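Bear in mind these aren't lab numbers, they're just calculated from the coordinates by the rules spelled out. In this text the structure is predicted, and so the values were computed from the model without any measurement. Quick reminder, even Gly has a Cβ in these numbers, built from the backbone with ideal geometry, and neighbours come from all protein chains shown.
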Amino acid sequence: MSTSEPTALTQTTPADLTAGASDTSAPVVLPLDVRERTAIVIAAFREARSIGLVVRELRALYPRVIVVDDGSPDATADEAAKAGATVLRHFVNRGQGAALQTGISYALAHGAEFLVTFDADGQHDVADLPALIGPLARGEVDICLGSRFLDRRAEIPFFRRIVLKAAVLFTRVTSRMRLTDAHNGLRAFTRKAGLGIGLQLDRMAHASEIVDQFYRSGLRYREVPVRIRYTAYSLAKGQRNSAALKVAFDYLIGRLTR
Amino acid sequence: MNTFQGAALMVFSLLTAMTLSAGLRGLVRKRIVAVWLAIWTIGALAIVWPRSTFLVARWLGIGRGSDLLLYLSVLFMLVGFFYVYGRFRRLDRQITVLVRRLAIEDAERAESERIPPTTPRDASWSQDAS
């Protein structure tokens with residue numbers, strides 16, 4: 001950050017920071033200097049329809065939005081750029097894990113102190129970010145993981161719930177991190193935690209891999225309730241329930257051949 | 001010696017000649033040449049003297065020589081698949097590293113040239129990095 005005198009807007013008081021702690025009823029806005037030091041990383045593949053809206057919603061409060069277009073044949077990159085994101089392009093599709101790592105590397109190289117991973121299909125809620133970034137800014141933890149199961153508002157389709165719960169069990173067996181929601185794309189972490197990430201599983205199994213790496217870092221973490229908006233679009237665009245086995249296989253082979 | 005044995009022996013001598021010539025020209029490492037020569041020799045031996053496989057099989061506790069060959073070929077194939085799969089994964093990772101590097105460098109070049117009016121950035125972002 002620049003060392004110029006803080007204005008009323010950018011000044012961070014402890015009261016501002018605690019505002020995002022637990023109270024979710026009132027809309028919470030993080031202090032500007034925290035938001036300026038936050039980079040939001042979005043991996044996008046064929047998301048031309050939703051990415052513009054998602055980026056605009058984020059950019060209204062968070063100036064640093066990095067979209068990694070994972071070789072989409074459609075206008076994903078253009079829409080993201082039009083909405084004001086920094087766009088990185090994989091000119092060949094490499095998978096979501098690969099794209100996230102690209103965005104994280106870029107954000108770290110450009111001095112981001114807080115990093116957020118966010119999904120491109122509009123399933124995450126910008127209003128959840130203060131609860132995720134707040135604990136990092138207050139120095140309480142280094143990693144905040146979103147959990148849809150901690151959230152009372154959650155309306156998760158029945159079969160999706162079963163598959164996700166199975167994924168949680170899987171993660172408990174393979175990693176030692178006790179989580180209620182293993183495959184949530186909404187996470188926030190500090191620069192320190194980000195530097196410890198090196199995703200090697202290019203496709204969807206990165207969700208387990210990132211949890212492993214967080215766990216091995218020994219840094220403090222916390223789960224935070226977040227809302228997932230299951231829309232017809234996000235369900236059609238997202239992972240099919242049947243993809244779960246493939247992801248598990250990918251992950252196990254990845255651990256064997258590391 | 002029957003026709004099949006003659007044909008197979010010709011194939012094996014051809015393979016041996018090819019292996020030797022590749023080794024002499026330095027295209028293949030000596031150790032690898034030795035491995036291939038051993039494989040061709042064992043193959044030729046098994047063709048010319050079929051009873052040898054039976055003797056080895058009986059020594060290992062397998063009933064028939066052809067069973068031994070079957071088991072061995074399956075084993076070799078599995079090892080081969082695993083090796084190729086490992087190579088494939090490594091290649092996959094290398095491509096990702098390459099694509100990532102290009103994506104980041106492209107973005108940074110665009111940034112320094114200040115091309116995109118659509119991606120507003122202010123100075124504080126790059127100052128943060130220092």
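Sticking with the crude label model, points 7 Å out along Cα→Cβ, report the distance from A:Ala243 to A:Ala109 in nm, one decimal please.
2.7 nm
Put +1 on the Cβ of each Lys and Arg and -1 on the Cβ of each Asp and Glu in region A:31-257; which of A:Gly97, A:Tyr215, A:Phe114 then has its Cα farthest toward the positive end of the dipole?
The listed residue farthest towards the positive side: A:Tyr215.
Using the crude model of +1 on Lys and Arg Cβ and -1 on Asp and Glu Cβ, and no other charge, please compute the dipole size for region A:31-257 relative to its Cα centre, in debye to 20.
Computed charge dipole of region A:31-257: roughly 560 debye.
Could you list, bin by bin from short to long, the percent of Cα-Cα pairs of region A:59-116 in 5 Å steps?
Taking every Cα pair in region A:59-116, the percentages come to 4, 20, 28, 25, 17, 5, 1.
Jot down the per residue volume, in cubic angstrom and as a whole number, of the convex hull over the alpha-carbon atoms of chain B.
Roughly 243 Å³ of hull volume per residue.
Distance in nm between label sites at B:Leu98 and B:Ala34, each 7 Å beyond Cα in the beta-carbon direction?
That separation, rounded to one decimal, is 3.5 nm.
What's the FRET efficiency of A:Arg222 with A:Phe158 using the Cβ-Cβ distance as r and R₀ = 45 Å, to the nearest 0.05?
Given R0 = 45 Å and the Cβ-Cβ separation, E is 0.95.
Report the FRET efficiency, 1/(1 + (r/R0)^6), for B:Ile42 and B:Leu91, where r is their Cβ-Cβ distance and R0 is 35 Å, rounded to 0.05.
0.65
What value, in deg cm²/dmol to 500, does the helix sum -39500 (n - 2.57) over DSSP H runs of n ≥ 4 give at 222 nm once divided by the residues of chain B?
-28500 deg cm²/dmol
Out of A:Val126, A:Phe45, A:Ala244, whose Cα points farthest toward the positive end of the dipole of region A:31-257 (charges: +1 Lys, Arg; -1 Asp, Glu; placed on Cβ)?
Checked the options; the winner is A:Ala244.
Out of A:Ala80, A:Thr180, A:Pro63, whose Cα points farthest toward the positive end of the dipole of region A:31-257 (charges: +1 Lys, Arg; -1 Asp, Glu; placed on Cβ)?
The listed residue farthest towards the positive side: A:Thr180.
So, in nm, how far is label A:Arg255 from label B:Ser66 when the simple model puts each one 7 Å beyond its Cα toward the Cβ?
Going by the 7 Å Cα→Cβ label model, 4.3 nm.
For region A:31-257, state what percent of all Cα-Cα pairs lands in each successive 5 Å bin, counting from 0 Å until the bin that includes the largest distance.
For region A:31-257, the pair-distance distribution reads 1, 7, 15, 20, 22, 18, 11, 4, 0.
So if I place +1 on the C-beta of Lys and Arg and -1 on the C-beta of Asp and Glu, and nothing else carries charge, what would the dipole magnitude of chain B be about its Cα centre? I want it in debye, nearest 20.
That gives a dipole near 800 debye.
For a label point 7 Å from the Cα of B:Trp49 along Cα→C-beta, name the residues of region B:1-38 whose backbone N is under 17 Å from it.
B:1-2, B:5-6, B:9, B:38
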